[in-house]
Amino acid sequence: MNPFKKMEPGLWLRQGRIGAVWLVIALAGWWFYPAATPLKAEAAPARPFSDPGATLAALPDIGLLGLNPERVALGKRLFHDPRLSADNSIACASCHDLGKGGADPRPVSLGVAGHPGVINSPSVYNSGFNFSQFWDGRAATLEDQVNGPIASQTEFASDWPSIMKKLGHDGDLSTAFRKAYADGLTPANVRHAIAEFERSLVTPSRFDRFLKGDGKALNETEQHGYALFRRYGCAACHQGINIGGNLYQRLGVVKDYFQGKTVKPADLGRYNVTHDPEDRYVFKVPSLRNVALTAPYFHDASAATLEEAVAVMARYQLGVELPPEDRADLVAFLKTLTGEGMGS
Ligand code: HEC
Ligand code: HEC
């Protein structure tokens, strides 16, 4: 199976290294665990790919993102505004707690009237760097994404006319929107302001300092964890600025993750968008930034700890049973992806 089949050629080129993913995984398995040889190099690499570590990139300086501070401030207000929900009970922040890694510590979030959702809430931090939004990539932009929770019966269960009516009664908010946007308070501007706020949620970490050349930013154990992350082939999927968020991949590449489990509609992932049988169980590879703060893990919240999540990844994505010391070092590395000054 080849989950990349559906990618537009432009994306393929932009990602540049997608073809190499398979080779890297295969090479990592061969080099590190000769017995495992987990994957065939289905797609030959378009160009030499000698250092998988080169696929990871540091976050850009927020000053270079060209964000409008007034719009960011409006978006921040709305992100915390329960009037977006039908009964004024919950806000975006209810399921994306900015003090808890921007995600939800509950396996599934609860929407209005306590309606449980179907999938674990991912982090909004650094979401501006994902190539699409949602586990299945069904929203192309952060602006589009906002329509999701508004309409979802297990989230805000609302609609734009009702929201605009409520917000329109708020003179202060309307004035602020008129100052920030030529056409004032409109659904499109509400979406834009929220997206602009999310784009500002950038969390530089010690690992970014390390990538930029500060060799002391990571201790020896963490550096060893980073080396393992590349050698095992984690970096083939979790790559780019977000250490994830830039390609789709199947959960269970080398071993059937869903065997013996009851498959729910949300487990079908990208298939729900494309209806291509090859896209079953294919998800956007999640960003690993701040991952130490966002337990439980996976779309189905099936892993309670980072140790467990790492072991599951090695087993189902790479065909490897990790020795405990490697698992510990990988976790030590992942902890360096926490934004400095956040959480811990
Ligand atoms: C009731 C809980 C809940 C509320 C309220 C909620 N979200 Fe979410 N959010 C989720 C869940 C669950 C997902 C994953 C859904 C999926 O992928 O199918 C998600 C996904 C996202 C994503 C995609 C991140 C990624 O990595 O793909 C973004 C961005 C986001 N939400 C922002 C918002 C914003 C902005 C609001 C308010 C307008 C909001 N959310 C309201 C639970 C919630
Ligand atoms: C073949 C691609 C691929 C490889 C290789 C891979 N991952 Fe993943 N990873 C994914 C996908 C896809 C998911 C999302 C799965 C889901 O939740 O359905 C994921 C999820 C995760 C998560 C959970 C993130 C969250 O927020 O829930 C962690 C942690 C993780 N990977 C770490 C690793 C580590 C460490 C390695 C190497 C041992 C690795 N991954 C190798 C594709 C991959």
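The values are calculated or read from the model by the stated rules, or taken from the named source; none is laboratory data. It should be emphasised that the depicted structure is a prediction, and the values quoted were computed from it without experimental measurement. When we count neighbours, we look across all protein chains shown, and the Cβ atoms used for this are built from the backbone with ideal geometry, even at glycine.
In the stretch 274-293, of all residues being farther than 30 Å from A332 by Cα and in a helix (DSSP H, G or I), the one that is nearest to ligand 2 (Cβ to nearest atom) corresponds to D279. Scanning the stretch 90-109 for residues that are farther than 15 Å from P286 by Cβ and near ligand 1 (Cβ under 6 Å from one of its atoms) yields a total of 5. Looking at V263, V291, V273, just one residue is under 14 Å from F134 (Cα atoms) and not aromatic (F, W, Y), and that residue is V273.
Exactly one residue among A157, A140 is free of Cβ contacts under 8 Å to residues at least 60 places away in the same chain, small (G, A, S) and within 29 Å of A301 (Cα to Cα), and that residue is A140.
Scan the stretch 55-74 for residues that are in contact with a Ser or Thr (Cβ under 8 Å, 6 or more places away or on another chain) and either under 30 Å from R231 (Cα atoms) or of a type in the set (G, A, S) (or both) and jot them down. Result: L59, single match. Residues in the stretch 111-130 that are part of a helix (DSSP H, G or I) and touching a residue at least 24 places away in the same chain (Cβ under 8 Å) were compared, and the one that is nearest to S302 (Cα to Cα) is S127.
Considering G339, G269, G245, the condition of being modelled with pLDDT of 95 or more, under 23 Å from P116 (Cα atoms) and touching a strand residue (DSSP E or B) at 6+ places or on another chain (Cβ under 9 Å) is satisfied by G269 alone.
Residues are listed down the side, and each one gets a yes or a no for (1) β-branched (V, I, T); (2) within 24 Å of A303 (Cα to Cα); (3) assigned to a helix (DSSP H, G or I):
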| site | (1), (2), (3) |
| --- | --- |
| R106 | no, yes, no |
| Q153 | no, no, no |
| K165 | no, no, yes |
| E198 | no, no, yes |
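Considering the stretch 57-92, and only residues there that are within 22 Å of G168 (Cβ to Cβ) and among the small types (G, A, S), the residue that is surrounded by the fewest Cβ atoms within 10 Å (Cβ to Cβ) turns out to be S89.
Counting the residues of the stretch 296-310 that are surrounded by 19 or more Cβ atoms within 10 Å (Cβ to Cβ) and small (G, A, S) gives 1. Scanning the stretch 214-256 for residues that are within 16 Å of ligand 1 (Cβ to nearest atom) and either under 12 Å from the mean Cα position of the chain (by Cα) or within 12 Å of L288 (Cα to Cα) (or both) gives C237, H238, Q239, G240, I241, N242, I243, G244, G245, N246, L247, Y248.
Looking only at residues in the stretch 221-273 that are of a type in the set (S, T, Y) and closer than 14 Å to G319 by Cα, which one is farthest from ligand 2 (Cβ to nearest atom)? Per the stated criteria, the residue is Y257. Among the conditions (1) closer than 21 Å to R106 by Cβ; (2) within 12 Å of ligand 1 (Cβ to nearest atom); (3) hydrophobic (A, V, I, L, M, F, W, C), the only one that V273 does not satisfy is (1).
For the stretch 132-151, enumerate the residues that are within 16 Å of ligand 2 (Cβ to nearest atom) and not in a loop (DSSP other than H, G, I, E, B). Of everything in the stretch 132-151, just one residue is within 16 Å of ligand 2 (Cβ to nearest atom) and not in a loop (DSSP other than H, G, I, E, B), namely Q133. If the condition is being under 23 Å from A304 (Cβ atoms), more than 11 Å from ligand 1 (Cβ to nearest atom) and in contact (Cβ under 8 Å) with a residue 60 or more places away in the chain, then the stretch 276-290 contributes only N290. Checked against (1) in a helix (DSSP H, G or I); (2) surrounded by 15 or more Cβ atoms within 10 Å (Cβ to Cβ); (3) among the acidic types (D, E), D172 meets all criteria but (2).
Got at least one residue in the stretch 183-194 being of a type in the set (S, T, N, Q) and either modelled with pLDDT under 95 or surrounded by fewer than 17 Cβ atoms within 10 Å (Cβ to Cβ) (or both)? There is at least one residue in the stretch 183-194 that is of a type in the set (S, T, N, Q) and either modelled with pLDDT under 95 or surrounded by fewer than 17 Cβ atoms within 10 Å (Cβ to Cβ) (or both).
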